[in-house]
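Rule-based calculations on the coordinates, nothing more; no lab input. These figures come from a predicted structure and were not determined experimentally. With ideal geometry, Cβ positions are generated from the backbone for all residues, glycine too; neighbour counts draw on all protein chains shown.
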Amino acid sequence: MVTATETSPAKESVHESTRESVKGTDMVTPHARQHAKEIQKFGTVIQRLPLGLSANVREELTAQLNFLLADTITLRDLYKKSHWQVSGPTFYQLHLLFDKHFGEQAEMVDSLAERIQTLGGVSLAMAADVAEMTRVPRPPKGREEVPVQISRLLEAHEIILKAARSLSRKAADLGDDGTNDLIVSDIVRGNELQAWFISEHLVEMPLINAQ
Ligand SMILES: [Fe+2]
C-alpha cells in the first residue's frame, strides 16, 4: 500500500525558506544532493488505478513479473559477458549474434519493467537487487569455452520460458490480458527464437567431410 507523503509544518517552512533564498538571487545553481523518503515501497501497488483490475490481482502479477524481470536482466547481461569473452574460430559470428540477442533482451527488460509500473507496481532495477532475486545461476567472473557459454545461455532461456509460460496462464486466469499478451508475444516467442539460434551452435557438424 502506498503511504501519502508526510509533510510536517517544520519541513514546509524549510522548503519555503529555500525557495525564498533562491528567488531573486540564483536561478542557475542546480539543487543537487537532495534526499527524501521513497514515495512507494518495493512490493506494493497503487491501490486505486482506473485499469479495471483489482489491487490484489495487480500485486500478485507485479510480484511475479519482478522475478521474470530479474531473470531477464541477468540473461541480458550474460549475453554481453558472452559477447565480450567469446573466443575461437566462430568468434566473429558469435560476437555479433550475442550482441544482437543482448539488444533484444534489453528491449524485453524495458517492456517488463514498464508493465510493472503500468500495473501500479515498482519495477526492480539495480544489479544488487537483481542478484538477490534472479533464479539464473551465477557464472564465474572468468572466461569459459564456447560450448559452456552457450549451455549457460540455454539454461537461462529455459528458466525464463518455464516461468513466463506459467505466468502468462496466471495473468489470463486473473483477467489481465495485457500482461498475458506481452509475455506470450514478446517474452516466450523471443526467448524461444533466441534459444533456437544459439542451440544450433552446439550440434556436432562436420565442416569438410560428410559422415
Ligand atoms: Fe560490443
Considering only the other residues whose Cβ falls under 11 Å of the Cβ of Gly190, what net charge follows from Lys and Arg at +1 and Asp and Glu at -1?
-3
Nearest 10, in degrees from 0 to 90: the angle of helix 9-22 to the longest Cα principal axis of the chain is 80 degrees
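Evaluate Rg over Rh across segment 55-202, taking Cα atoms for both radii and Kirkwood's formula for Rh. Mind dumping the intermediate values first?
Details: Rg = 15.5 Å, Rh = 15.6 Å.
Taking Rg over the Kirkwood Rh, I get 0.99.
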Whichever aspartates and glutamates have a C-alpha closer than 17 Å to that of Lys100, once near sequence neighbours (fewer than 8 apart) are set aside:
Asp77, Asp110, Asp186, Glu192, Glu200
So, in nm, how far is label Lys80 from label Leu202 when the simple model puts each one 7 Å beyond its Cα toward the Cβ?
2.5 nm
To the nearest 10 degrees, how steep is helix 55-85 against the longest Cα principal axis of the chain, on a 0 to 90 scale?
50 degrees
In which sequence would Arg58, Arg76 go, from the one with the fewest C-beta neighbours within 10 Å to the one with the most?
Arg76, Arg58
Local net charge near Ala163, Cβ-Cβ under 12 Å (Lys/Arg +1, Asp/Glu -1)
+3
Which residue fluctuates the most in the chain, going by a Gaussian network model with Cα springs under 10 Å, if the choices are Asp181, Asp26, Asp129?
Asp26
